[in-house]
1. Would you kindly derive the ³J(HN,Hα) couplings of the range 211-221 from the backbone phi angles with the Karplus curve 6.51 cos²θ - 1.76 cosθ + 1.60 (θ = phi - 60°), listing them in order in whole Hz, with x for Gly and Pro?
2. How about the range 21-95: which trypsin sites (Lys or Arg not before Pro) there are in a DSSP loop, with at most 12 other Cβ atoms within 10 Å of their Cβ?
3. In percent, what relative contact order does the range 1-89 have, based on Cα pairs under 8 Å that are 6 or more apart in sequence?
4. Rounded to the nearest 500, what is the 222 nm mean residue ellipticity of the chain from helices alone, with -39500 (n - 2.57) per DSSP H run of 4+ residues and division by all residues?
5. Considering Cα pairs under 8 angstrom that are at least six residues apart, work out the relative contact order of the chain and quote it in whole percent.
6. Most mobile of Gln374, Gln333, Gln165 per a Gaussian network model of the chain (Cα springs, under 10 Å)?
7. May I ask you to list the trypsin sites (Lys or Arg not before Pro) in the range 338-398 that are in a DSSP loop and have at most 13 other Cβ atoms within 10 Å of their Cβ?
8. Between Gly197, Gly332, Gly355, where does the largest GNM mean-square fluctuation fall for the chain, given springs only between Cα atoms within less than 10 Å?
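Values quoted throughout were computed directly from the atomic coordinates according to the rules given, and no laboratory measurement underlies them. In this text, all values refer to a predicted model and were calculated from it rather than measured experimentally. Methodologically, a virtual Cβ is constructed for each residue, glycine included, from the backbone with ideal geometry; neighbour enumeration extends over all protein chains shown.
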Amino acid sequence: MTKQDVSWINVLIVDDSHAILKYVSTVLEEVYGISQTQEASCASEALHILRQTKQINLIFLDLNMPNTDGIQLLEKISQLNYNGYIVIMSGISTRIISSVEALTKKYNLNHIGTLVKPMHETDFKKIIKKIGQSRKKRPAGSSLKTYEIVRALKNDDIEVFYQPQVELSSKTFIGLEALCRLNHPSLGIISPDRFIGLAEESELISHITMCVLKKSLSDWKKWHQYGLDIKLAVNISPNLLDQPEFADLILNLIEQYDMPANMLCLEVTETVLADDQTQELMNLNRLSIRGVEIALDDFGELHATIDRLQKLPLSYLKLDKSCFIDNKDQVGQLSLLNTSLSMAEKLKIRTIAEGLETSSALQLASEIGCDYGQGYFIARPMLAKEVLPWHRQWSLAT
Ligand code: G
Ligand code: MN
């Protein structure tokens, strides 16, 4: 594997213990080559640094500090519109940690890991690896500017690509995931991780999602008229699920395009599992009753427990691509996959393996019992007009 680029990472470590500050900065520097770090020994110092240094994009935060504790600090950080990553450090009980993790979701902060004290340098590995893989918010450096998103919407430069999903046992083509791309006048095709995070900070995300929904439903209708019997999956931002009118909006759209509800699948992320998401649950349940299918996307961190998954009307669990893309910790990956699969089985939820890039990944997914698969090895995301030719070729080959 190529060495990860860490030159863009700017760290702030917040802990009242001098020893921890030194330990974390030393591990980051010596093991991971991350040298741009600042240290704060209390909340006010941390806030001061964050206001001064806008480049900070990774915060290690201790939960128990005198005066303002880490929990209060999280709220203040969210008020600063910080959109980098947060790692929680704590020695206290796992119950408190998980409720704090839920809190980071409420504040819309990008929590990517927890270090339980006493920590060991290998605990950092998963976290550092995850940086840059999460679809939610990447640090501002590589992100587009708001005006570029507005311009793209105005000029109809939001495009939809489609990636086929197949049933692993029969290799039957069963559906397509709609993936949005921004066609930038000078930079070319831009993937969503460089603009969705920013769009989610305003109502721009609604415009993008509406645009993707309309284009993809209209493409679906053409395929359907051509005789293709496939489902369409669309990614839905948590910000939209929160709106009271969301369910009606979807129901009106499918009616407009004569789409049977069970041909549409909405992909939602784990934030819908947080405890206070009543509006989201209401929308998802209303849609599910009408037959729209729901998939839980990017599943693989196991923040979700059976109890929490049970709350949702889920048809599919999408096992995150990081589970299938080669990395060194194969034993860990496999046990995570098996746990996810047995959870899905208990709840009678079908599974979709994402990120199948090689024949061995496809074989693994199929051997461990995933129902469906998606990834570069099957097909890369493609333009609407390429779908029928791909389908013809795929049917011939299988
Ligand atoms: O978060 P979500 O699962 O919706 O992300 C889908 C993204 O994953 C798309 O942008 C798509 O281009 C990308 N993708 C699809 N298949 C593969 C694959 O096999 N490998 C990798 N690395 N990315 C993939
Ligand atoms: Mn998805």
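1. 4, 5, 4, 5, 5, 6, 5, 5, 5, 4, 4
2. Lys54
3. 32 percent
4. -12500 deg cm²/dmol
5. Rounded, it is 11 percent for the chain.
6. Looking only at Gln374, Gln333, Gln165, the largest GNM fluctuation is found for Gln333.
7. Those that pass, being in a loop and sparsely packed, are Lys348.
8. Gly332
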